[in-house]
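The next block holds one structure in the form of structure tokens; read it before the comments.
The values are calculated or read from the model by the stated rules, or taken from the named source; none is laboratory data. Everything numeric in this text was worked out from a predicted model, so none of it was measured. FYI the Cβ positions are ideal-geometry reconstructions off the backbone, even for glycines, and counts take in every protein chain you see. Remember, those area values only see protein heavy atoms, side chains included, never the ligands or the DNA or RNA. Shrake-Rupley method; radii C 1.70, N 1.55, O 1.52, S 1.80 Å.
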Amino acid sequence: MRTRFSAGMRDSRHQLGRTRKRLTPQRRGLSRTDVVIGIFCVALAGINLPSVILSAREASRHRTCQYNIRMLGHGLQAYHEISQTLPPAATWSAEGLDFSQFFWDKEKPRTPEVSHANWLQLLLPTLNHAMESTLFANDSPIVHERNANGREQEIARFKCPADAMNGSHNRYELTRGDGTTASFARGNYGINGGSQWIFKTPGVLFNPRPNASQFTCDPATREFQFWGNGVAGFNKCFSFADFDNGLATTVAIDEIRAGVSPMDTRGSWALGQIGASVTWGHGIVGDAGAPNNLIDDSDDIIDCKRLHESYGSDKLKQQEMPCCAHCNQNQQAAARSRHKGGVNVVMMDGAVRFVSNDVDRGLWDAMHSRETPATEIGEGFAGAIDGREPAFRQEAPASTAKSGSDAPLTNNPILNSIGMTFVLIPAGEFEMGVPNRGVPLPPQAPSHHVTIPQAYYLGKYEVTQSEYANIMGQHPSWHSETGEGRALMESADTSQHPVEQISWYDAVEFCRRLTQRDAEKEVNRRYRLPTEAEWEYACRAGRRGAIPLNEFWDDSDPSGEIASKRLREDGKIMTTTRVGSYPSNAFGVCDMCGNVFEWCSDWYGFDYYSSSQKNNPQGPNKGYFRIIRGWHWAFTGPSRKDIQATAPSRRSPYIGFRVVCEHTK
């Protein structure tokens, strides 16, 4: 089956073929200035001459690498000027794809044979390269013999000379379905597909997936699109008008490394696949959330299991090129380089940045998302990404999380002016972040002892659609009689279901407006979101270890396995329920392990659990993402996973909130 191209895309490529921008010739090797500087250093400091030459060579390689990525950035800008869009990461056909198992079938991975033209191929005319784009047959898969001459071209502009594995001696050899092989030349640059991981939005009740990719298809025509929050998707193009983030703070292209053996797909410039010429899913969710990430499972690529077996797991670690040994799909890939301490990226405005391996992970995620509001990245950006100064993070608004109450507390529940019920959560101590059953937590997120020094009143239920509308004038819920999920609801009256499609800012504004009501001022009450520690303490209600899901499931199915199996077999989507439909826990609160996930006041910090204060922790002082907490049948209990943080501007059909009520004198 041939890929379908729109007339606009064909016209754009034709116009690009007539439009050549002459670029400055690339400089390679040592310049006269490099040699003079080296000799001067030797004379001044008595440094060993070979060391100086090696250092100068590395500096020259780095400059060449930065020059090349800058030229590719200029090529993207030229393409946008002509086409009014950026190129797709790649065009894929639907041949052999099972849309029903697009994200799940590990036995039958999405084969690279669906790949047709990719972004680098489409940029060739703008780069004034001697190889004509007509060498490629865009109506045939890139693995077709008609495309052999093009995909095997060794193009200096697409390489960083610091990577010794990107030569003709180490081409990627793809074994096709018919047993023949297709060779691919290497490259060192991947377009930014986004920080979001593979799971498609809008998620489900047991996993909201607020940081996931998106997928649409037409079963009749077999046309589809697959994209994340980056600058290019598969069969999906974006224009500058689609960028909420500023062009100066959005990554366009990441540096990547060539694979370590001919069976390693990474860094194959003409192959439009994740890892080959596209970075993907290397934000705070997943395993690849930093430049040069060394977590064993960080890159999910095809044939990684075979790579571990033939090349060797120890050698992969030594080469700092880890990949997921149990994965067999190209679905996650980090930025990587051979430069000490970081990677090069080019921003959408054409500026080249060297990003430290130690960059704040929230910032790394945010700068790879075109959806990041421009207000959430600002001062100190340059210093934050190269490690010269602490990462700039957005300051928390004042008084979003004040601990404790100034007035005496009683065990009597509170019923406020709009009918919300609050129960007293006693002071106490607990072990926060206890590992879930059979699921070890990463070393940066250890369990730790926490004290809640003062009792507090917490909403017995999640804020309902009716309560939210009472304060805010309306509610935006997906699971409602007027929402997009109305066909799934068993009851037309959802007023007592939890409100969702609420951003963190919306939840904070609800608290502010509720506090400002005259009836609440008269009795000196104020409202806020709970801290993450308060949330988990209330959820555990004195219990240790993993929390069974008996607040949502019945006691005969404490792990949710029966329910999850039933949903898989029936193909049903679980919907929200009326708050309080299931029994409360020992503290008298309902649905903390059921219904929607809930916003907390805390900023997200990758390693915050390692340095968290023991007494009433409030979370990091600054950040880019806010914590959400809830339940998951695969990870029973409230232990935090990285799926439980997202941008404060994000809205989801599966994220709501509950509030804390404080008394003042």
Discussion item. Within the stretch 185-193, does at least one residue satisfy the condition of being modelled with pLDDT under 95, not in a loop (DSSP other than H, G, I, E, B) and not basic (Lys, Arg)?
Written reply: no
Worksheet item: Hey, among the residues in the stretch 369-391 that are open to solvent by 10 Å² or more (accessible area, probe 1.4 Å) and at pLDDT 90 or above, which one's nearest to PHE240 (Cα to Cα)?
Response: ARG370
Practice prompt. Could you check how many residues of the stretch 290-314 are under 27 Å from PHE354 (Cα atoms) and either at pLDDT 95 or above or assigned to a loop (DSSP other than H, G, I, E, B) (or both)?
Written response: 11
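Counting only residues that are assigned to a strand (DSSP E or B) and open to solvent by 20 Å² or more (accessible area, probe 1.4 Å), how many does the stretch 601-631 have? Working first, answer last.
Step one: of the stretch 601-631, the residues assigned to a strand (DSSP E or B) are 601-603, 615, 622-623, 626-629.
Filter once more, keeping what is open to solvent by 20 Å² or more (accessible area, probe 1.4 Å): 615, 622.
Count: 2.
Matching residues to (1) touching a Lys or Arg at 6+ places or on another chain (Cβ under 6 Å); (2) more than 19 Å from VAL508 (Cβ to Cβ); (3) at pLDDT below 90; (4) open to solvent by 30 Å² or more (accessible area, probe 1.4 Å):
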| site | (1), (2), (3), (4) |
| --- | --- |
| THR576 | no, yes, yes, no |
| VAL579 | no, yes, no, no |
| TYR582 | no, yes, yes, yes |
| TRP599 | no, no, no, no |
Item to complete: Looking for whichever is aliphatic (A, V, I, L, M) and modelled with pLDDT under 95 here; the options are ALA366, ALA427. Which one fits?
Response: ALA366
Item to complete: Collect the residues in the stretch 460-473 that are among the acidic types (Asp, Glu) and not in a helix (DSSP H, G or I), keeping them in residue-number order.
Response: GLU462
Discussion item. Among the residues of the stretch 106-114, are any under 30 Å from ASP178 (Cα atoms) and at pLDDT 90 or above?
Written reply: yes
Worksheet, complete the sentence: Residue hits (the stretch 474-501; hydrophobic (A, V, I, L, M, F, W, C), out of contact with any Pro (no Cβ under 7 Å at 6 or more places or on another chain) and either buried (at least 18 other Cβ atoms within 10 Å of the Cβ) or assigned to a loop (DSSP other than H, G, I, E, B) (or both)) are MET489, ALA492, VAL499
Worksheet item: Among the residues of the stretch 333-354, is there at least one that is outside any loop (DSSP other than H, G, I, E, B), open to solvent by 10 Å² or more (accessible area, probe 1.4 Å), modelled with pLDDT of 90 or more and closer than 30 Å to HIS116 by Cβ?
Response: yes
